[in-house]
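K.L.:
Here it is, the structure, as structure tokens.
Quick note: the coordinates plus some simple rules give every number you see, no bench work behind them. Owing to the predicted nature of the structure, the values given are computational and were not obtained by experimental measurement. With ideal geometry, Cβ positions are generated from the backbone for all residues, glycine too; neighbour counts draw on all protein chains shown.
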Amino acid sequence: MQEGLARLWRGTGASLALAVPTVGIYLPCYDILRNHMEEFTSQNAPSITPYVPLVAGSVARSLACITCYPVELARTRMQAFKEGVKPPGVWKTLAGVVPPIRSTNNLQNLQNYRILWTGLGAQLARDVPFSAICWSTLEPMRRRMLGLIGDKTSGANVVGTNFCAGFVAGTLAAAATCPLDVAKTRRQIEKDPARALTMTTKQTLVEIWRDGGIKGLFTGLGPRVARAGPSVGIVVSFYEVVKYALLHHRHSSIQ
């Protein structure tokens, strides 16, 4: 029973180690890109300004994924350990992924470490569309809701508005990209290093379709949607309320 309960939290350490740097890269990069791109497009090409959140979210997510991917790989492998077997920590998991053979050829050694980014293509194929859908939905909703509030903006309003918009956007994006999430997981838990390096997202999706059809492609849809909606809402609302508090404090200091 204890093992069963503990198994539900497998990979928690890796999840925390992944979440902090990912959010620290992702959201500030999105903010910076969106602000600069909106300023540029509003002056030079107003017709494409509505698409700025889509592009900014995709680019920012790509940067965060590439930077933090090895920890994501460790988390997935830790969660896939068999029942009754205690998974190693993040660093031991990553050390077990890299082939033990060492060569005097530095290029060959770099090729060995490339396996730490196994499934990165599938991760990007999932997360880039996820971010594109999420921010394209979230921004219009958030701006409309804040527009209804008007000048009565407060910390509570910022939290409520961003949580609601993030919840809806995260839920829709998670449902739409579920097959890509299944493909990403399948590639990350592949045990054969040679096959792991040659697998493609398209091939993996075809295998999943052949083995399980449409049901296979949407395996885990319920848990994924149940996690993505609240998590996007919580992360975005927390980030925005911290921004609001810092800006409000700065404005008060200037006055």
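K.L.:
Which whole-Hz ³J(HN,Hα) couplings does the stretch 18-23 yield from phi under the Karplus relation 6.51 cos²θ - 1.76 cosθ + 1.60, θ = phi - 60°, glycine and proline marked x?
P.N.:
Couplings: 7, 5, 5, x, 5, 5 Hz.
K.L.:
Moving on. For the ranges 183-193, 217-227, 160-170, what's the packing order if you count other beta-carbon atoms within 10 Å of each residue, average per peptide, and put the highest first?
P.N.:
160-170, 183-193, 217-227
K.L.:
Let me ask something else. Could you list the trypsin sites (Lys or Arg not before Pro) in the stretch 114-158 that lie in coil according to DSSP, counting only those with at most 12 other Cβ atoms within 10 Å of their Cβ?
P.N.:
Hits after loop and neighbour filter: Lys152.
K.L.:
Ordered by residue, what ³J(HN,Hα) values in Hz, to whole numbers, does the stretch 219-224 give under the Karplus form 6.51 cos²θ - 1.76 cosθ + 1.60, where θ = phi - 60° and Gly and Pro are x?
P.N.:
Taking θ as phi minus 60°, the curve returns 4, x, 4, x, x, 5 Hz for the stretch 219-224.
K.L.:
Number of Lys pairs in the stretch 154-255 with C-alpha atoms less than 30 angstrom apart, excluding same-chain neighbours closer than eight positions?
P.N.:
5
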